[in-house]
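Here is the structure we will look at, set down as structure tokens.
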Amino acid sequence: MTSPLLAVQDLEVWFDLPHGDTLHAVRRVSFSVERGERFGLVGESGCGKTTTILALMGLLPPTATVSGRVLLEGEDILEDGETSVRPHRWTDISMIFQGAMNALNPVQTVGAQIVEAMELHGIAEGADAKSQAGQLLEMVGIAPDRLDRYPHEFSGGMRQRAAIAMALACEPKVLLADEPTTALDVMVQAQILLLLERLSQELGLTVILVTHDLPVVAEVCGRAAVMYGGEIAEVGPVDTLYHDSRHPYTRLLFAAVPDPTGEEEVVSIPGAPPRLDRPIVGCPFQPRCDRAFEPCPTEQPRLIALGADHQAACHLNDPAFRAVS
Amino acid sequence: MRGADYVIKRTIFAVVTVFVALTINFIIFRAAPGSAVSNLARVPGATHALRAELEHEFGLDKPKLQQYFIYLGQLAHGNLGVSFASQQPVSHELLQALGNTIPMVLLGTLFAIGFGTFTGILAAYRRGTAVDKASVSTGLFFYSLPTQWLGLMLLLIFAGTLPSGGRVDAFLFNPTPLQHILDVLKHMLLPSLTLGLVLYGEYTLITRSAMLETLGEDYILTARAKGLSDRRIVTRHAFRNAMLPITTLIALSLGYIVAGSILIERVFSWPGIGQAVYYSVQNRDYPMLQGAFLLLTLSVVFFNYVADLLYFKLDPRIRE
Ligand SMILES: Nc1ncnc2c1ncn2[C@@H]1O[C@H](COP(=O)(O)OP(=O)(O)O)[C@@H](O)[C@H]1O
Ligand SMILES: [Mg+2]
């Protein structure tokens, strides 16, 4: 059996807060992603999505403590901290950010920033690197003669395209996209998503798409993990999550999605996510859950396998408790 | 081209500023209470006739507007007038004072720029560590000290080891050029250090905050994700952006170099522009004051102009 391209095992992240408090932002997160796959990471704002993917690249600030393993083709890239993870940055795993408004350095040309990555990792040098950068721009739908332009001369959508071109500069295996369309208007959002989908198909690129927007994931991704309160609530193929969800949060999240015809009202989930700076007893979703029962306030649910590729962390799926209820 | 537009606009702005400043210069000293002739130390108990004669000699009996045009006309010929107090050409007096001031202030300013930006960058880069805390408290300490007090304290501490005032040792007869330079340097050390320390506080604090701001930007995270080393991130990406506010500060303090520092030059009896201005105020020496302020205006406007042009070079967003 071959190992998956990227496997995250028992990832935990704590942030030191002022006054000696700690915030447990990511809790026992595990998932794995295959080559060429588009994997979604969904959840409300503050549930730990960004923290999770920054941890994958070892990019969290010094106030963060990380434990767990991130296996890239079987190799634990976080094992020796900065030393073991840096060689993999951009060459194996690259990244694009929310809206890309500030993801590019305002005082350098777009071309220089793409070339910088190539030269750093020995992909290409000088004029050769520049012509390759031009090809990358072309691939994302920007005229190559715009290499010498500065980021402020680009529109929001073009900046995100340029950021994608830069992310592809070293032919990475995995692209982490953190809310790549959030700050953009709807038309541009759709174009960027299409672009990501196309690139993933054409290049066999693995994309991990982080978003709070479930329809986006449903449209682009094959599999997804739903995060809640720093944990994975449910993970599986998007179809399964939609038609056969086994976690009340996933179900409510799909229900919260506005009707595409725009006629029906948005159903939002009442209540607020749990605070992560204090211990959580029982199920984190229990206070907002419409199906909570006896074990929920006290017992912590674990991810339970519900099929070959489907897991959920909910007591409703646990035969031990189902017998009681 | 937009660049030419920008340069022309900045140039016109600089010229207009100079002209406005010239006019204010002229008005402000004449609006001040007291008159040149009543306060001249050289003519104690002067008779009315003598005062009138002096007023006539200095041209102070003419209508103000006429004085103004005479002033502008003379300026256009590079003539700054004659000092009321010393009867020497103002330009000559100013040049001499300037020659004394510039090396002293420049030394202090360069110390502040070099040392201040360095510790500022270091503090931002090592944010929250002991290095950062030490650098910030040192910066705040020197920034908040009154200049003259710091000068006096340095005098108290170093008075035995270093000369306590003046520019040269009066008892050093027929020094060789090298001896002379060393002598001046020795005298310069304390006033330069005083100025340098006060400016240092400003530089290190501003550099740190500018660096912290840029280090928190998304493109820094991008740069780290690209696999760049910390050193390269700081120099290539963060400092290049943090340079923008720092450039303004540098231009401003370079602009003020010709002003010298009245406080420091008084404390250390340094015969520079600051001292000259101090005596001229006491003597109501309008031509000297006008000359000194003209010099200051030109220098401040010039360095601001240079900063504007540098900005244009450093920040592509301005070229819009
Ligand atoms: N640098 C940090 N220091 C302290 N807390 C942080 C930091 N970054 C994120 N957090 C906290 O971690 C939790 C998860 O944040 P984040 O990963 O940004 O969520 P998401 O991307 O899903 O919106 C939040 O409660 C947030 O306040
Ligand atoms: Mg986020």
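The values are calculated or read from the model by the stated rules, or taken from the named source; none is laboratory data. Given the structure is predicted, the values throughout are model-derived calculations rather than measurements. Reconstructed Cβ throughout: ideal geometry from the backbone, glycine too, with neighbour counts over all protein chains shown. Only protein heavy atoms, including side chains, enter the accessible area calculation; ligands, DNA and RNA are left aside. Shrake-Rupley method; radii C 1.70, N 1.55, O 1.52, S 1.80 Å.
For chain B, the longest stretch holding no chymotrypsin sites (Phe, Trp or Tyr not before Pro) located in a DSSP loop with at most 11 other Cβ atoms within 10 Å is which? Each step should come with its number before you reach the end.
On the way: sites that count: B:Phe171, B:Phe173.
After excluding every exposed loop site, the longest remaining stretch is B:1-170.
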Work out from phi, with θ = phi - 60° and the Karplus expression 6.51 cos²θ - 1.76 cosθ + 1.60, the ³J(HN,Hα) of each residue of the range A:157-164, listed in order in whole Hz, and give x for Gly and Pro.
x, 5, 4, 5, 4, 4, 5, 5
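With a sphere of radius 13 Å drawn around the Cβ of A:Leu209, what net charge do the other residues whose Cβ falls strictly inside it have (Lys, Arg +1; Asp, Glu -1)?
On the way: positive: A:Arg38, A:Lys49, A:Arg223; negative: A:Glu37, A:Asp178, A:Glu179, A:Glu197, A:Asp213, A:Glu219.
Net of charged neighbours comes to -3.
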Charge dipole of chain B built from unit charges on the beta carbon (Lys, Arg +1; Asp, Glu -1), centred at mean Cα; most positive-end Cα among B:Leu106, B:Leu205, B:Met188 is B:Leu205
Probe radius 1.4 Å, ligands and nucleic acids left out: which of B:Ile70, A:Ile53 has the largest accessible area, and how do the rest follow?
B:Ile70, A:Ile53
Using only protein heavy atoms and a 1.4 Å probe, report how much of B:Asp230 is accessible, in Å² to the nearest 10.
70
Anisotropy class of chain B from Cα gyration tensor, a/c 1.5 cut
oblate
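Given the alpha-carbon gyration tensor of chain A, what are the semi-axes of its equivalent ellipsoid in whole angstrom, ordered largest first, with each equal to the square root of 5 times an eigenvalue? All intermediate terms of the calculation are to be shown ahead of the outcome.
On the way: eigenvalues 260, 99, 66 Å².
Semi-axes from the Cα gyration tensor: 36, 22, 18 Å.
Please figure out what share of the DSSP beta bridges in chain A is antiparallel and state it in percent, rounded to the nearest 5.
Details: 29 of 48 bridges.
Here the share of antiparallel DSSP bridges comes out near 60 percent.
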Work through the residues other than A:Lys173 whose Cβ is under 10 Å from its Cβ and net out their charges, Lys, Arg +1 and Asp, Glu -1.
-2
In deg cm²/dmol and to the nearest 500, what is the mean residue ellipticity at 222 nm of chain A if only DSSP H runs of at least 4 residues count, each as -39500 (n - 2.57), divided by the residue total?
-8500 deg cm²/dmol
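About the Cα centre of chain B, what is the dipole size in debye to 20, counting +1 per Lys and Arg Cβ and -1 per Asp and Glu Cβ, all else neutral? If you can, show how the numbers build up before the last one.
Numbers: 25 positive and 19 negative charges, 195 e Å.
Once rounded to the nearest 20, the dipole reads 940 debye.
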If one compares the long axis through the Cα atoms of helix B:130-144 with the longest principal axis of the Cα atoms of chain B, the angle in degrees, nearest 10, works out at 10
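Across the residues of B:235-247, average count of Cβ atoms on other protein chains within 10 Å?
On the way: counts 0, 5, 5, 1, 0, 4, 4, 0, 1, 2, 0, 0, 0.
Per-residue shielding by partner chains comes out at 2.
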For B:Lys186, counting only aspartates and glutamates whose alpha-carbon sits under 20 Å away and dropping same-chain residues fewer than eight positions off, the answer is B:Asp169, B:Glu265
Ordering A:His152, B:His92, A:His243, B:His237 from largest to smallest accessible area (1.4 angstrom probe), what's the sequence?
A:His243, B:His92, A:His152, B:His237
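Could you tell me the relative contact order of the range A:94-171? Use alpha-carbon pairs under 8 Å, at least six residues apart, and round to a whole percent.
Numbers: 110 pairs, mean separation 34.3, N = 78.
Worked out over the range A:94-171, it gives 44 percent.
Can you tell me, using C-alpha contacts under 8 Å and at least 6 residues apart, the relative contact order of chain B as a whole percent?
On the way: 371 pairs, mean separation 92.6, N = 320.
The normalised contact order for chain B reaches 29 percent.
Roughly what % of DSSP beta bridges within the protein assembly as shown run antiparallel, to the nearest 5?
Within the protein assembly as shown, antiparallel bridges account for around 60 percent of the total.
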Using a 1.4 Å probe, what is the accessible area per residue for the range A:165-283, in Å²?
44
Helix B:177-215 sits at what angle to the longest principal axis of chain B, using alpha carbons and giving 0 to 90 degrees rounded to 10?
50
Just tell me which aspartates and glutamates come within less than 13 Å, Cα to Cα, of A:Lys49; anything on the same chain fewer than 8 places away is out.
A:Glu12, A:Asp178, A:Glu179, A:Asp213, A:Glu231
Give me the inter-chain shielding for B:214-224: mean count of other chain Cβ atoms within 10 Å, whole number please.
6
How about B:Lys9: which aspartates and glutamates have a C-alpha closer than 19 Å to its C-alpha, ignoring those fewer than 8 places off in the same chain?
B:Asp308, B:Asp315, B:Glu320
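If you add up the charges near A:Ala129, with Lys and Arg at +1 and Asp and Glu at -1, over every other residue whose beta carbon is less than 11 angstrom from its beta carbon, what do you get?
-3
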Which order do you get for A:His19, A:His212 if you rank them by accessible area with a 1.4 Å probe, largest at the top?
A:His19, A:His212
Taking the Cα atoms only, what angle lies between the long axis of helix B:90-125 and the longest principal axis of chain B, rounded to 10 degrees?
20
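Subtract the Cα-Cα distance of B:Asp230 and B:Lys313 from 0.36 nm times their separation in residues, and report this length gain in nm to one decimal. Each step should come with its number before you reach the end.
Values: separation 83, 0.36 × 83 = 29.88 nm, distance 2.53 nm.
My answer for the length gained is 27.3 nm.
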I'd like the accessible area for B:Leu95, computed on protein heavy atoms only with a 1.4 Å probe and all protein chains in place. Round to 10 Å², please.
120
